[in-house]
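The values are calculated or read from the model by the stated rules, or taken from the named source; none is laboratory data. Computed from a predicted structure; not experimentally measured. Methodologically, a virtual Cβ is constructed for each residue, glycine included, from the backbone with ideal geometry; neighbour enumeration extends over all protein chains shown. For accessibility, only protein heavy atoms count, side chains too; no ligands or nucleic acids. Shrake-Rupley method; radii C 1.70, N 1.55, O 1.52, S 1.80 Å.
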Amino acid sequence: MLRLIRYLRPFVGAILLIFALLFVQAMTDLELPDYMSNIVNIGIQQNGIDKPVPSVLRQSVMEHLLLLMPAGDADEIKANMTLLDRTQMSSQAYEAALKQYPLIVDETLYELKPDAVISDSASAALAKALTMLSAIEQIQENGTSSLGSGDSMLANLPAGSDIFQILAQLPAAQRQQMLDQAEEKMTGLTDSILRQTAITRISAEYKAIGLDIAAIQSGYVLRTGGIMLLIALIGAVCSILVGLLAARVAAGLSRNLRLAVFSQVEHFSSAEFDTFSTASLITRSTNDIQQVQMTLVMLLRILFYAPILGTGGVIKVINSDVSMGWIIALAVSILMTLIIVMFIIAIPRFKKVQKLVDRLNLVTREILTGMMVIRAFNTQRHQDEKFDAANQDLTRINLFISRLMALLMPMMMLIMNGITLLIVWVGAKQVDLGSMQVGDIMAFMQYTMQIIMSFLMVSMVFIMLPRASVSGQRIAEVLAVKPQINDPDTILPFDPAKRGKVVFDHVYFRYPNADDDVLTDITFTAQPGETTALIGSTGCGKSTVVNLIPRFYDVTGGQILIDGVDVRQVRQHDLRERIGYVAQKGVLFTGSIQDNIRYGRPEASPDETRQAAQTAQALDFIEASEAGFDTPISQGGTNVSGGQKQRLSIARALIKRPEIYIFDDTFSALDYQTDTALRKALRQQTGHATVLIVAQRIGTIRHADQIIVLDQGKIVGKGTHDELLKSCPVYLEIASSQLSEEELAL
């Protein structure tokens, strides 16, 4: 497929935009688990309080906290708080504060400044102070706390003592010693537990001040949920745009590849058509390009997105909780083992599919083309078996691949569900130990699924790649072919003085990869205004001779001159414009009779079309149809007889008015009466041109100006009918097999 990348150049801008949108989509997907975790941890468990720094405190609580903090941190916290004293506030400020903090009526408060900037160390010190405050309050109330009561100086104070009054009266060194002992009791507590304990105390403080905790909680959940919806919406828009752009890029590439393949095939010589079968070219132009298109859509949508998602998920997991990272390593290991095993089994089958599709197309085309012969010989059963064998081979391998892919998804789901259970089991223990929160487990679970899904998506792309790679290689093979027949670098002009003159000058020809020459030392001249006929036994090279004139093949020795110029030294288009070619097998195209006759000269007038049909003896059956020249021709001309097809092909050559007419055994499908009438009309119509006729019947060519007799690729006789009867045994033998003694004597 790499050889087809150059066909993506027109879509570079769209591809870059796809990558940018995929990056945004991946970032939005990676952000959602964090917000979901916050809703659980902060919105539900912490009543919507997102940090251990209170926005408002009672003055008494503030003073207690300052006693429990190091001097530097205490000063920083106090500097970021504003005292709300009703006696010192304006009436307007007081009314505003009263609506927000009902307790201000009875007690002075401290409010966090809007532009407050608190360092991490001060924030951590405040969290510890809030935890100790909660413990001291429990000691004062119950005589014990979560910090213990047996060996703490705080717990050994006399019952009913005001601990904060005592702390305030103690010298700074002794007070610090007591705080250090309290902190030692908290060394086993994780930052998560300290944070939760501090926030629990803040929540209690808010209730005491009169704040609506339910409103705070619902407000946080709604804000976070709204952000999640916005992020999800952005991701959805990116996903839709990526799908649209990827489909357009893939469809555009498919269109360009089909055009490139078709244009390439149009330039193929007969030698290239001998290399690629028609069925194979059709498969490469349709099924193979479709495979590349489908795979490109997947590549554009997944191959860039999945690595970002997987890498981002790993980074998020490492930053959040490394202790459970081994679960992801385990999941990826199991997943990669499964994918590798699938690859080993599936890839060889994928490579066989396209060849089997070729085979099925070949058999189908062969049977449909030869249906009349099959029916004539009653071999339908044999052909059914032949088709069934090709069909079964393709069906068998497709079923195997489909079953393998069907097995892959349940196994992937089993792995994902098993990993989910493992995360819940390990995470539950972490929650019980206080080292994780429930929301963190949920986020970890989602990140793990994203990582696994990224590997799954990449694996699905790589499963599709082998078949698409084979298809891309088959397309590239066609596009890489260099046609053997090309226009020359230096183009020579035709000599107008030799208009229509055809000269074979010691021509030799050998088919590609053949060991022997098909034609040997062919030399003759066909003059304008004369008819040159070629006759000989089947397989002697008659059709090969005339196929060399329009350069369907190139000579391997000697030269062919048209209007005094070697056919290899002129443009193919200019050469074939001078030739009216009627193939041995009449070929018609879908459309009307008029379209087929005007095929080589679309601008021809209705009178010219009618004249060409009349000369070709086709006017009688055309006018016998109700639609006349508008009579439709079905695909391949199956709705006209062989003779009618040949006459329409002759009319198509006549309307072109070329310098040279080539009739390659064109009259074989005509009856003698039509043959005679047609040749008589042709002599009048083509009197100025050079006419070359390949024929099997002596009656068709006996009046030719020059007859070339071929035998095993060599000229064994040259002259008129009468001259050859006397001088050429091969011609005499052919004539004797077709003419009576009286006709030979004439």
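Below are the figures for this structure:
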| quantity | calculated |
| --- | --- |
| Residue list for segment 46-80, filter: surrounded by fewer than 16 Cβ atoms within 10 Å (Cβ to Cβ) and farther than 30 Å from Gln174 by Cα | Asp50 |
| Counted residues, segment 241-260 - those being in contact (Cβ under 8 Å) with a residue 24 or more places away in the chain, farther than 13 Å from Pro10 by Cα and more than 12 Å from the chain's Cα centre (by Cα) | 4 |
| Top-ranked residue of segment 240-271 - restricted to ones that are hydroxyl-bearing (Ser, Thr, Tyr) and in a helix (DSSP H, G or I), ranked as modelled with the highest pLDDT | Ser254 |
| Evaluation of Met342 against (1) surrounded by fewer than 16 Cβ atoms within 10 Å (Cβ to Cβ); (2) at pLDDT below 80 (one fails), failing number | (1) |
| Positions within segment 348-394 being more than 15 Å from Asn287 (Cβ to Cβ), of a type in the set (Asp, Glu) and modelled with pLDDT under 85, in sequence order | Glu366 |
| Restricting segment 688-700 to residues that are under 20 Å from His721 (Cβ atoms) and open to solvent by 40 Å² or more (accessible area, probe 1.4 Å), the residue that is nearest to the chain's Cα centre (by Cα) | Gln696 |
| Residue match in segment 194-213 (condition: closer than 17 Å to Ser55 by Cβ, modelled with pLDDT under 85 and open to solvent by 50 Å² or more (accessible area, probe 1.4 Å)) | yes |
| Residue in segment 89-107 that is closer than 28 Å to Asn38 by Cβ, among the aliphatic types (A, V, I, L, M) and touching a Leu at 6+ places or on another chain (Cβ under 7 Å) present | no |
| Sole exception among (1) within 22 Å of Gly210 (Cα to Cα); (2) free of Cβ contacts under 8 Å to residues at least 60 places away in the same chain for Asp73, by number | (1) |
| Segment 247-276, residues that are open to solvent by 50 Å² or more (accessible area, probe 1.4 Å) and of a type in the set (S, T, N, Q) | Thr275 |
| Which numbered condition Asn596 misses (of (1) in contact (Cβ under 8 Å) with a residue 60 or more places away in the chain; (2) more than 22 Å from Tyr508 (Cα to Cα); (3) in a helix (DSSP H, G or I)) | (1) |
| Cross-chain or 6+ apart pairs with Cβ under 9 Å, segment 1-26 first and outside any helix (DSSP H, G or I), then of a type in the set (Phe, Trp, Tyr) and open to solvent by 40 Å² or more (accessible area, probe 1.4 Å) | none |
| Residue count for segment 1-57, restricted to those that are among the polar types (S, T, N, Q) and more than 30 Å from Leu211 (Cβ to Cβ) | 2 |
| Subset of segment 90-108 that is open to solvent by less than 40 Å² (accessible area, probe 1.4 Å) and either part of a helix (DSSP H, G or I) or modelled with pLDDT under 85 (or both) - its residue that is nearest to Leu211 (Cα to Cα) | Leu103 |
| Tabulated pairs, segment 345-368, first open to solvent by less than 60 Å² (accessible area, probe 1.4 Å), second among the acidic types (Asp, Glu), C-beta under 6 angstrom, 6+ apart or interchain | Leu356/Asp393 |
| Hits in segment 671-681 - residues which are open to solvent by less than 10 Å² (accessible area, probe 1.4 Å) and not acidic (Asp, Glu) | Leu678 |
| Evaluation of Phe589 against (1) open to solvent by less than 80 Å² (accessible area, probe 1.4 Å); (2) within 18 Å of Arg647 (Cα to Cα); (3) aromatic (Phe, Trp, Tyr) (one fails), failing number | (1) |
| Any hit, segment 297-319, residues being within 30 Å of Asn38 (Cα to Cα), without any contact (Cβ under 8 Å) to a residue 60 or more places away in the chain, loosely packed, with under 15 Cβ neighbours inside 10 Å and in contact with a Gly (Cβ under 7 Å, 6 or more places away or on another chain) | yes |
| Residue list for segment 519-536, restricted to those being out of contact with any Asp or Glu (no Cβ under 7 Å at 6 or more places or on another chain), open to solvent by 10 Å² or more (accessible area, probe 1.4 Å) and within 17 Å of Leu710 (Cα to Cα) | Thr520, Asp521, Thr525 |
| Top-ranked residue of segment 475-492 - restricted to ones that are within 32 Å of the chain's Cα centre (by Cα) and surrounded by fewer than 22 Cβ atoms within 10 Å (Cβ to Cβ), ranked as farthest from Val424 (Cα to Cα) | Pro483 |
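Quick grid of which residues meet (1) at pLDDT 80 or above; (2) under 30 Å from Ser269 (Cβ atoms); (3) assigned to a helix (DSSP H, G or I); (4) in contact with a Pro (Cβ under 7 Å, 6 or more places away or on another chain):
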position: Met409; (1), (2), (3), (4): no, no, yes, no
position: Val426; (1), (2), (3), (4): yes, no, yes, no
position: Ser435; (1), (2), (3), (4): no, no, no, no
position: Asp440; (1), (2), (3), (4): no, no, yes, no
position: Thr448; (1), (2), (3), (4): yes, no, yes, no
position: Leu456; (1), (2), (3), (4): no, no, yes, no
position: Val461; (1), (2), (3), (4): no, no, yes, no
position: Leu465; (1), (2), (3), (4): no, no, yes, no
position: Arg474; (1), (2), (3), (4): yes, yes, yes, no
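Residues are listed down the side, and each one gets a yes or a no for (1) of a type in the set (A, V, I, L, M); (2) at pLDDT below 90; (3) farther than 25 Å from Asp630 by Cβ:
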| position | (1), (2), (3) |
| --- | --- |
| Gly500 | no, yes, yes |
| Phe504 | no, no, yes |
| Ile535 | yes, no, yes |
| Leu548 | yes, no, yes |
| Gln559 | no, no, yes |
| Leu588 | yes, yes, no |
| Asp607 | no, no, no |
